[in-house]
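Read-outs: derived from the displayed coordinates by stated rules, not from any lab. Everything numeric here is computed off the predicted structure, so don't read it as measured data. With ideal geometry, Cβ positions are generated from the backbone for all residues, glycine too; neighbour counts draw on all protein chains shown.
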Amino acid sequence: MNRTNERTATTRMRRDQQPQAHTDDSYRSPLRMRSGTACSKCGATYENGRWTWHASADKTRQIVCPACRRILDQVPAGELVLAGGYLAPRRDEVLGLLRNEAAGEAQQHPLERIMAVDAQPDQVTVRTTGPHLVRRLGEALTRAHQGQLTISYGDGEGLLRAHWTRSASK
Ligand SMILES: [Zn+2]
């Protein structure tokens with residue numbers, strides 16, 4: 001086997017080993033999507049290059065939008081973890097704030113929604129269909145309740161992770 005063939009074989013093997021599952025790209029809107037394309041699940045409509053809630057005059061085509069696909073597949077784009085002793089006695093208040101903030105965001109950006117809230121006794125995980133919402137929720141939280149917010153991208157998985165914590169006040 002000559003050198004070139006060896007290299008080709010190696011490249012091919014590596015490509016096969018790459019996970020085929022959900023890369024971030026699989027949830028992007030198709031590049032040449034037509035205006036008037038609507039989501040059959042949530043009713044969001046693609047108009048002039050962006051998703052809106054405005055009903056289209058003529059819906060030419062129905063698809064499932066990227067946000068609804070993430071919800072169906074349970075593949076979040078962002079994750080906000082809340083922890084710390086401050087949280088437990090104020091959990092309902094904090095979650096109410098996050099839901100209000102999310103409703104405001106989804107109004108403007110249909111693809112940015114909360115898809116799941118996992119409330120454990122000492123920790124709450126909020127999963128979203130878009131990364132911008134995680135940032136917005138984290139910032140709203142620190143504005144209203146102070147605490148510490150750290151935001152980081154997972155390694156190559158396209159998931160934005162935020163962690164908020166505040167210890168119990170004395
Ligand atoms: Zn949808």
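Going by a ≥ b ≥ c, the root eigenvalues of the Cα gyration tensor, does segment 118-170 fall in the rounded group (a/c under 1.5), the prolate group (a/b larger than b/c) or the oblate group?
In terms of gyration-tensor shape, prolate.
Suppose R0 equals 30 Å. What FRET efficiency, 1/(1 + (r/R0)^6) with r the Cβ-Cβ distance, do residue 34 and residue 139 give to the nearest 0.05?
Computed FRET efficiency for residue 34 and residue 139 comes out at 0.30.
Give me the base-10 log of I(q)/I(0) for segment 71-165 at each q in 0.14, 0.16, 0.18 Å⁻¹, Debye formula, one uniform scatterer per Cα, rounded to two decimals.
-0.45, -0.59, -0.75
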